[in-house]
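Undergrad: Next up is a structure, given as structure tokens.
The values are calculated or read from the model by the stated rules, or taken from the named source; none is laboratory data. Being a predicted model, the structure only gives us computed values, none of them experimental. A quick note on method: Cβ atoms are made from the backbone with ideal geometry, for glycine too, and the neighbour counts reach across all protein chains shown. These accessible areas exclude ligands, DNA and RNA; they are computed on the full protein's heavy atoms, side chains included. Shrake-Rupley method; radii C 1.70, N 1.55, O 1.52, S 1.80 Å.
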Amino acid sequence: MTAEEREIEWEIMESTVFKTARESFPIMDRLSEKLSERGTLASLVLGWNCHLTEITALAVKALAATGCRLLMSECNPATSEEQSIDYMRECGALVFTGENARSKVLEAGPQVVSDTGFDLLSAYLETGGSGLLGASEITTSGIQRLRRLRQGTDFPVINLNDGIIKSRIENFHGVGGGVVESLSRLVHRDWGGARVAVVGYGMVGQGVASYLRRLGPRVLIVDSDPVARLLAHYDGYEIASLDEAARCELVVTATGRRGLIGEDFFARAANSLILLNVGHWPDEIDVKKLKQICSKVEAIGPDLERFTLADPLRSLYLACSGNPANVAMLTGSIEPTLLHLTTEILSMEFIYLHHRSLEMGENALPRSIEEEVSELALSLIGMI
């Protein structure tokens, strides 16, 4: 691609996500101004393992203006966008993709890390790294991996996933709205009276169930945790088993568990069942096994495949090859994601400034960070 062609692509990108953000919710511009005035990030080396999308590119542009050095690695190749990666590099970020992406970030010596799924931090611990001041983690599955570490960590980790903005706004509203928009793009049908199942009733599952219910179907909840099942009951949902979910018309997985949907499920699944994942791991649905047992795979569109099983009268549909559909398709309002990214960036600054006073291992997200994000957001929507 020539420089001129690349510039045209960037202009197109800036006319879509960038333009929408700057005209309707320019929180990244405001954040960049504040951080540049404070000058706290000017000498900081940041390692960031995340989805490399247009919205991330907007955050990178804002961060780059503060004078920090950015080291980026992709957390899921299926959600990485080449155009966005080129843009991030033009902003000055070192962006690594492929199998060795995380090791290349670590070799460059980040002082603070923000992780997705605890993959970058696991690599750091496995290689016996040193010099890390602290980190943050944004996913349920990543926090669970942190808590399972027997040896713990010799650096603080801020739990962004359980913060109000990440859990109640980005996870609940952002993902929930994203699923509804994804479905409208994938299939053109009325969901009134249909049976749909949400597997996993954490905050993401709760948001998905709430937004799906607005479309008019019967929503079933599947969860191995009795507390989550009881909560779902009092929220007005039917409680079901995975066997019952297999007989629905749509199943949305939101657990972060690898191999959750496998061969036994496929054997019991109703004809034309649609499978859609919003959990962190791309293999929450065992796509490899599904391909092994089917007789034909057809692309129905850019984000939907039909798998004809051994019985030619039975087919299953899979969205986005099992990758988190809302991220892969960039669906839903960008505001919840921008709010979360603002929280993530301010957490990087907080770790750098206060790492000596934080506990080793897991730390709750400081209330002061969410208050600053909320004040920024409320000022933009005219509430203060």
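Undergrad: Do any of K166/K296; K61/K104; K61/K289 go past 29 Å between their Cα atoms, and which?
TA: The pairs that break the limit, which is 29 Å between Cα atoms, are K166/K296; K61/K289.
Undergrad: State in Å² the accessible area per residue of region 39-154; use a 1.4 Å probe, count heavy atoms of protein chains only, and round to the nearest integer. Can you show the working numbers first?
TA: Working: 4500 Å² over 116 residues.
Computed with neighbouring chains in place, this is 39 Å² per residue.
Undergrad: Could you list the residues of region 249-283 with an amide nitrogen less than 17 Å from a label point located 7 Å from the Cα of S241 in the Cα-to-C-beta direction?
TA: Correct set: 261-270.
Undergrad: Counting only other residues whose beta carbon sits under 10 Å from that of L44, what net charge do I get with K and R as +1, D and E as -1?
TA: Taking every other residue near L44 into account, the sum is 0.
Undergrad: Still on this structure, please answer the following. Looking at P282, A364, I351, which one has the Cα that reaches farthest to the positive end of the dipole of region 266-384 (charges on Cβ: Lys, Arg +1; Asp, Glu -1)?
TA: P282
Undergrad: Which of the peptides 188-196, 212-220 is most tightly packed, and how do the rest follow, going by the mean number of other Cβ atoms within 10 Å of each residue?
TA: Listed from highest to lowest mean packing, they are 212-220, 188-196.
Undergrad: Could you compute the net charge surrounding E284? Neighbours are other residues with a C-beta less than 13 Å from the C-beta of E284; K and R count +1, D and E count -1.
TA: +2
Undergrad: I'd like the orientation of helix 367-380 relative to the chain: the angle between its Cα long axis and the longest Cα principal axis, in ° from 0 to 90, rounded to 10.
TA: Between the helix axis and the principal axis of the chain, the angle is about 80 degrees.
Undergrad: Where is the GNM fluctuation largest for the chain (alpha-carbon springs, 10 angstrom cutoff): S347, S36, S167?
TA: Of the options given, S36 has the highest mean-square fluctuation.
Undergrad: Distance between Cα centroids, region 239-289 to region 141-171: provide it in whole Å.
TA: After rounding, the separation between the Cα centres reads 25 Å.
Undergrad: So, one more: Skip the ligands, DNA and RNA, and give the accessible area per residue of region 172-312 with a 1.4 Å probe, whole Å². It would help to have the intermediate numbers written out before the result.
TA: Numbers: 6330 Å² over 141 residues.
Here the residues of region 172-312 average 45 Å² of exposed surface.
Undergrad: Moving to a separate point now. Can you show me the helix-derived [θ] at 222 nm for the chain, built from DSSP H runs with n ≥ 4 at -39,500 (n - 2.57) apiece and divided by the number of residues, rounded to the nearest 500.
TA: Computed mean residue ellipticity for the chain: -12000 deg cm²/dmol.
Undergrad: Additional query: What is the angle, in °, between the Cα long axis of helix 27-38 and the longest principal axis of the Cα atoms in the chain? Nearest 10 is fine, range 0 to 90.
TA: 30
Undergrad: Mean separation of Cα pairs under 8 Å and 6+ residues apart, divided by the residue count of region 11-77: what relative contact order is that in percent?
TA: It rounds to 38 percent for region 11-77.
Undergrad: Run down the aspartates and glutamates and flag those whose C-alpha is under 17 Å from the C-alpha of K34, throwing out any fewer than 8 positions away in its chain.
TA: Partners found: E344, E349, E370, E371, E372, E375.
Undergrad: Expressed as an acute angle from 0 to 90° and rounded to the nearest 10, what is the orientation of the C-alpha long axis of helix 3-13 relative to the principal long axis of the chain?
TA: 70
Undergrad: Tell me, what ³J(HN,Hα) does each residue in region 319-325 have, in order and in whole Hz, if you take phi through Karplus 6.51 cos²θ - 1.76 cosθ + 1.60 with θ = phi - 60° and put x for Gly and Pro?
TA: 8, 6, 6, x, 6, x, 5
Undergrad: Something else about it: Determine the dipole magnitude for the chain: charges of +1 sit on the beta-carbon of Lys and Arg, -1 on that of Asp and Glu, nothing else is charged, the reference point is the Cα centre, and the result goes in debye to the nearest 20.
TA: Once rounded to the nearest 20, the dipole reads 940 debye.
Undergrad: So which GluC sites (Glu not before Pro) in region 23-100 pass both tests, a DSSP loop state and at most 10 other Cβ atoms within 10 Å of the Cβ?
TA: For GluC sites (Glu not before Pro) across region 23-100 that sit outside H, G, I, E and B with at most 10 neighbouring Cβ atoms in 10 Å, the list reads E99.
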